[in-house]
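Here's the structure we're looking at; comments come further down.
The values are calculated or read from the model by the stated rules, or taken from the named source; none is laboratory data. This is a predicted model, so every value here is computed, not measured. All Cβ positions, glycine included, derive from the backbone under ideal geometry; neighbour counts span all protein chains shown. What goes into the accessible areas is simple: the full protein's heavy atoms, side chains included, and nothing from ligands, DNA or RNA. Shrake-Rupley method; radii C 1.70, N 1.55, O 1.52, S 1.80 Å.
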Amino acid sequence: IEALYADGITSGCDVNPLRYCPDAPVTRAQMAIFLLRAKHGKTYTPPPVGSSTGFGDVAPTDFAAEWIKQLAAEGITSGCGGGNYCPGQAVTRARMATFLVKTFGLP
């Protein structure tokens, strides 16, 4: 947890006071940020969304819209089905394994 914070991959679940919330589930929106920061570094910022994220359930103004769109642009996700991304859905361990393989090109 300390390494993820130090590397800028996560800022935790609350900043005042600073907390990580280790037992809280990670949403698909949060996961998009984690993965792209882990892959590209803590200073990485995805390109602006423009007029559409490509997903029916992710508005261009959503907090993780740029990250979600970039995750799809890099071929790491195609969403959860039906043209949606399901940003508020918790990430299962099985799905997380798939995302890690795709993000880092693991065998």
Query raised in the report: Which residue pairs have Cβ atoms under 8 Å apart, sit 6 or more places apart or on different chains, and have a first residue in the stretch 37-54 that is aliphatic (A, V, I, L, M) and a second that is surrounded by 15 or more Cβ atoms within 10 Å (Cβ to Cβ) and part of a loop (DSSP other than H, G, I, E, B)?
Result: Ala38/Ile9
Report task. Go through the stretch 70-107 residue by residue and tally those that are out of contact with any Pro (no Cβ under 6 Å at 6 or more places or on another chain), of a type outside the set (Val, Ile, Thr), in contact (Cβ under 8 Å) with a residue 40 or more places away in the chain and not in a helix (DSSP H, G or I). Result -> 6
Query raised in the report: Is the stretch 45-55 home to any residue that is open to solvent by less than 60 Å² (accessible area, probe 1.4 Å), in contact with a helix residue (DSSP H, G or I) (Cβ under 7 Å, 6 or more places away or on another chain) and aliphatic (A, V, I, L, M)?
Result: yes
**Report entry** Cβ-Cβ under 7 Å pairs, at least 6 apart or on other chains, the stretch 9-22 side open to solvent by less than 80 Å² (accessible area, probe 1.4 Å), far side of a type in the set (Lys, Arg)
**Finding:** Ile9/Arg37; Ile9/Lys42; Gly12/Arg19; Cys13/Arg19
Query raised in the report: Only one residue in Ala90, Ala64, Ala73 is surrounded by fewer than 17 Cβ atoms within 10 Å (Cβ to Cβ) and closer than 12 Å to Ala29 by Cα. Which one?
Result: Ala90
Report task. Provide a single number: the residues in the stretch 19-57 that are in a loop (DSSP other than H, G, I, E, B) and not hydroxyl-bearing (Ser, Thr, Tyr). Result -> 17
